[in-house]
1. Give the residue that is surrounded by the fewest Cβ atoms within 10 Å (Cβ to Cβ), with candidates limited to residues of the range 50-72 that are among the hydrophobic types (A, V, I, L, M, F, W, C) and more than 11 Å from the chain's Cα centre (by Cα).
2. Taking only the range 29-51 into account, find how many residues are of a type in the set (S, T, N, Q) and over 23 Å from Leu141 (Cα atoms).
3. Answer yes or no as to whether Glu153 is over 21 Å from Gly70 (Cβ atoms), modelled with pLDDT of 70 or more and either loosely packed, with under 10 Cβ neighbours inside 10 Å or within 18 Å of the chain's Cα centre (by Cα) (or both).
4. Of the numbered conditions (1) farther than 16 Å from Leu39 by Cα; (2) surrounded by fewer than 19 Cβ atoms within 10 Å (Cβ to Cβ), Ala75 fails exactly one; give the number of that condition.
5. Return the residues of the range 81-105 that are of a type in the set (Val, Ile, Thr) and farther than 16 Å from Gly70 by Cβ; say none if nothing qualifies.
6. Report yes if some residue within the range 75-90 is hydroxyl-bearing (Ser, Thr, Tyr) and more than 19 Å from the chain's Cα centre (by Cα); otherwise report no.
7. Could you grab me the full set of residues in the range 113-144 that are among the acidic types (Asp, Glu) and more than 17 Å from the chain's Cα centre (by Cα)?
Amino acid sequence: MSDDPQLNICVEDRMPILMLRVTQLWRQLMDTELAHHGLSQAKWRTLATLAMHPDGMIQSELADALGVEGPSLVAMLDRLSRDEWVKRVHSETDRRCKIIQLAPRAWPLIDEIRQSSEKIYQRTIAKVTVAPLPLIEAFFLELRDRLYDDLPEKKRPQRRGSCALPTCRDWGEAE
């Protein structure tokens, strides 16, 4: 490893670690905003991710989007299902798998999650003055796409194009 901080990606103010730290701080602020709901970060992130996919997601797809292993997600989904925040629906195209969807009761909470996110955005990101926000957003969009394109093919299902859900066979997930 190099002693030169300009070449060391693990230095606190280098881009990879800085992006990680910014994400951690954002999540901590969201945890604080949503604490009165008794939502853990794992719960609100799961609900927020499902809100971006109103038709639902296969469990493995949801796990991938959250960056967790499928089996780790099972207990969380059981709790969210028991509390009637999510429902498991049989796929119309492949009865062997279930689609995870937000339950109707979750949508008002999703609005609160969005409002909390907007409050934090206005207090923090909207006040950034180092560069115009559209330029910063364009940078992160391009960076996201370059990082995405660098992933192995099997790690990038359904990111672009159609929102149609794959079958369990496509994901190797049979129940």
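1. Met57
2. The qualifying residues number 3.
3. no
4. (1)
5. Once the filter is applied, which keeps residues that are of a type in the set (Val, Ile, Thr) and farther than 16 Å from Gly70 by Cβ, the range 81-105 yields Val89, Thr93.
6. no
7. Selection gives Glu137, Glu142.
Quick grid of which residues meet (1) under 23 Å from Thr46 (Cα atoms); (2) modelled with pLDDT of 95 or more; (3) in contact with an Asp or Glu (Cβ under 7 Å, 6 or more places away or on another chain):
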position	(1), (2), (3)
Ile100	yes, yes, no
Ser116	yes, no, yes
Arg123	no, yes, no
Pro132	no, no, no
Asp145	yes, no, no
Tyr148	yes, no, no
Arg160	yes, no, no
Pro166	yes, no, no
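The values are calculated or read from the model by the stated rules, or taken from the named source; none is laboratory data. Here the structure is a predicted model, which is why all the values come from computation and not from measurement. Heads up, the Cβs are rebuilt from the backbone with ideal geometry, glycines too, and the neighbour counts pull from every protein chain shown.
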